[in-house]
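This report concerns only the one structure given below.
The values are calculated or read from the model by the stated rules, or taken from the named source; none is laboratory data. This is a predicted model, so every value here is computed, not measured. Virtual Cβ from ideal backbone geometry, glycine too; neighbours counted across all protein chains shown. Each accessible area value is taken on the protein alone, full model and side chains, heavy atoms only, with ligands, DNA and RNA left out. Shrake-Rupley method; radii C 1.70, N 1.55, O 1.52, S 1.80 Å.
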Amino acid sequence: MLTNFSRRAALTALAGFSASSVFANPPSTSLRPQLRPESLGKQQVKEASQLISEANLRGDVAYAVVDIASGLLLEATPNEPLLPPASVSKAITALYALDALGAGHRFETKLVAKGVVNQGVLDGDLYLVGGGDPTLQTDHLHQMAKDLAAKGIQKVTGGFYVFGGSLPYQKEIDPAQPIQVGYSPAISGICLNFNRVYFDWKKTGNGFQIAMDARSNTVKPPVSFAKMSLSDRKGPVFTYQSVNGQDHWTVSRHALNNAGGRWLPVRAPELYAGEVFRWLCKAEGIALPSVKKTDTYTGGDVLVSHQSGPLTNVLKDMLKFSTNVTAEMVGLWASRARGVDISTLASSGKAMADWSAKTLGMQAARFVDHSGLGDQSRLSASGLALALSASQRHDILRPLLKDVLMRHENGAPNNGHPIDAQAKTGTLNFVSGLAGYMTSPQGDDLAFAIFAADLATRDGLTKEQRERPRGAKSWNSRAKRLQQALIERWGAVYTRES
């Protein structure tokens, strides 16, 4: 973990990411093809083209592998297409944020008073001010309420406002996604529980008991800004409307089993965080007026604050769990720190593409967001592999990436596999990507990128079909098997001669 990695060190390392630096300082030994099938228990090592053919994937495939020591491109798809990277984008977002903010950056959420505190009463207004923290949870707000109570405050005579204007409001990350998916919520400068609210149901007699809450492991604050109604229709399963700035949902009762729950996206982040905080304050003996969203904030006296973990921790979790809202907020905050346009995700994505071209040598990169949820982003596999090769020299990204789970031919996990790999996965319907680092059984370090996409089939899906489309699961499984087959090929073929 790079928790002590300084911003200056990150900037120094990233300054070496130019395309020319990839080829600097050639090693004293060279990497050459040498068949070593016995090392992976194979009878023969197949060509990449044969592996792709056997994968039986509709659409396009692009791949590239680079020797990290020399920066030499060892293999790449001939005439490679530019394909959607999906969540592989988050690897570039991590580098972009580290460069702009520094590894030790912490996001801060504040309680700010405008007025005078006297004998437990704030004679004025209280502001809950979002500072772009994508990791803020109900338990964090609970601690802030406790800290406020510890200061002796019991009442606020003015207004209670929530400010999320440090980042531009976006109703959803990708409008092409189904309305009910929790991985495409609203974006704002304040974000609670990854901007998701929990819908809970339980069958009781001939009906259902339903509730919406902001649960954590310790408390379960109910919410009313997000309302759910049952419908007798057969479909669609969910409908959504914004009514006076509140989230109004309906659900088909025919789609509900006896009991269950799911996280739904929040479209009104300020009202959500404010209502939950007000409930938590009440539990601590603090009376707050009804919450109001505000678009203006000019400062005041900070009473309580909560800071996120250091940026490296935030990014490590983002890459592990592929959290879209974290990627978007971190990417937007990085663009904001650079002083570029963040009015939309697309404008911030373009700023990241410009940065990756200048700093990483990725001339063909196009980003429409920072998470990869939008399928109009495009990357070159060879450009990404070369960029990752450069970043690995500075030990920035690899420690943040998740281990790749290698499998036996029957699909069971192979914990004793001789290849060690860390990478970022990317998955959309009929889009699959994997990019990162691998160490061969002989200790050779390689950077790689693999993309596959059946865009014709994906483009033919309706919006509602995009949550669980027919055929997507089997297509994705074949894509993942191809990824492992290519990794095993490279581990068997390339070795350094002494």
Degrees between helix 381-392 axis and first principal axis of the chain (Cα, 0 to 90, nearest 10): 80 degrees
Accessible surface of the chain [probe 1.4 Å, protein heavy atoms]: carbon and sulfur percent: 48 percent
The chain: angle of helix 89-101 to the longest principal axis, Cα-based, in degrees nearest 10: 70 degrees
Environment charge at Ala259 (Cβ cut-off 14 Å; Lys +1, Arg +1, Asp -1, Glu -1): +3
Average Cα contact separation per residue, segment 195-248, under 8 Å, 6 or more apart, as relative contact order %: 23 percent
Proximal lysines to Lys358, defined as alpha-carbon separation beneath 17 angstrom and excluding residues fewer than eight positions away on the same chain: Lys350
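Ordering Trp355, Trp490, Trp279, Trp263 by how much accessible area each has at a 1.4 Å probe, largest first, what is the list?
Details: Trp355 20, Trp490 0, Trp279 95, Trp263 65 Å².
From most accessible down to least: Trp279, Trp263, Trp355, Trp490.
Per residue and in cubic angstrom, what volume does the convex hull of the Cα atoms of segment 240-337 have? Working shown, then result.
Working: hull volume 20.3 nm³, N = 98.
Expressed per residue, the convex hull around the Cα atoms of segment 240-337 is 207 Å³.
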Note, ³J(HN,Hα) from phi for segment 230-238, Karplus 6.51, -1.76, 1.60, rounded to Hz, x at Gly and Pro: 7, 10, 8, 5, 7, x, x, 5, 10
Degrees, to the nearest 10: 345-360 long Cα axis against longest axis of the chain: 40 degrees
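Taking every DSSP beta bridge that has both residues in the chain, what percent is antiparallel when rounded to the nearest 5? Let's see the in-between values first.
Details: 74 of 91 bridges.
Looking only at bridges with both residues in the chain, the antiparallel portion is about 80 percent.
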Selected from Asn244, Tyr297, Asn257, residue furthest toward positive end of dipole (segment 210-367; charges at beta carbon): Asn257
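For a quick protection proxy, order the peptides 340-352, 319-331, 226-238 by their average other-Cβ count within 10 Å, most packed first.
Working: 340-352: 19.3, 319-331: 24.4, 226-238: 14.9.
Packing order, densest peptide first, comes out as 319-331, 340-352, 226-238.
How charged is the neighbourhood of Leu345? Take every other residue with its Cβ under 12 Å from the Cβ of Leu345, and add Lys/Arg as +1 and Asp/Glu as -1.
-3
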Cβ-derived FRET efficiency at R0 25 Å, Val116 paired with Ser216, nearest 0.05: 0.15
Value of Rg/Rh across segment 325-383 [Cα atoms, Kirkwood radius]: 0.95
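So between Ser49 and Asn258, what do we pick up on full extension, going 0.36 nm a residue minus the alpha carbon distance? Show your work: numbers first, answer last.
Values: separation 209, 0.36 × 209 = 75.24 nm, distance 4.95 nm.
Taking 0.36 nm per residue and subtracting the Cα distance, the gain is 70.3 nm.
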Taking segment 117-218 and dividing mean pair separation by its residue count, relative contact order in percent (alpha carbons under 8 Å, at least six apart): 31 percent
Quarter of Cα convex hull surface for segment 48-89, i.e. mean projection, nm²: 4.0 nm²
Derived scalar couplings ³J(HN,Hα) [segment 128-144; Karplus, 6.51 cos²θ - 1.76 cosθ + 1.60; whole Hz; x for Gly, Pro]: 9, 10, x, x, x, 6, x, 9, 4, 10, 4, 5, 5, 5, 4, 5, 5
Sites matching GluC sites (Glu not before Pro) across segment 429-498 that sit in DSSP coil, with at most 10 neighbouring C-beta atoms within 10 Å: Glu497
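Over all distinct Cα pairs, what is the inverse of the mean 1/r for the chain, reported as the Kirkwood hydrodynamic radius in Å?
After inverting the pairwise mean of 1/r, the radius is 24.4 Å.
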Under 11 Å, Cβ to Cβ, from Ile210 - net charge with Lys/Arg +1 and Asp/Glu -1: +2
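Summarise the long-distance tail of P(r) for segment 310-352 by giving the % of C-alpha pairs beyond 11 Å. Don't skip to the end; give the middle numbers.
Numbers: 571 of 903 pairs.
So the pairs more than 11 Å apart make up 63 percent of the total in segment 310-352.
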Dmax and Rg, reported as Rg then Dmax, of segment 158-250 (C-alpha, Å): 15.0, 47
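Per residue Cα convex hull volume for segment 152-206, in cubic angstrom?
Details: hull volume 10.9 nm³, N = 55.
Here the figure is 198 Å³ per residue.
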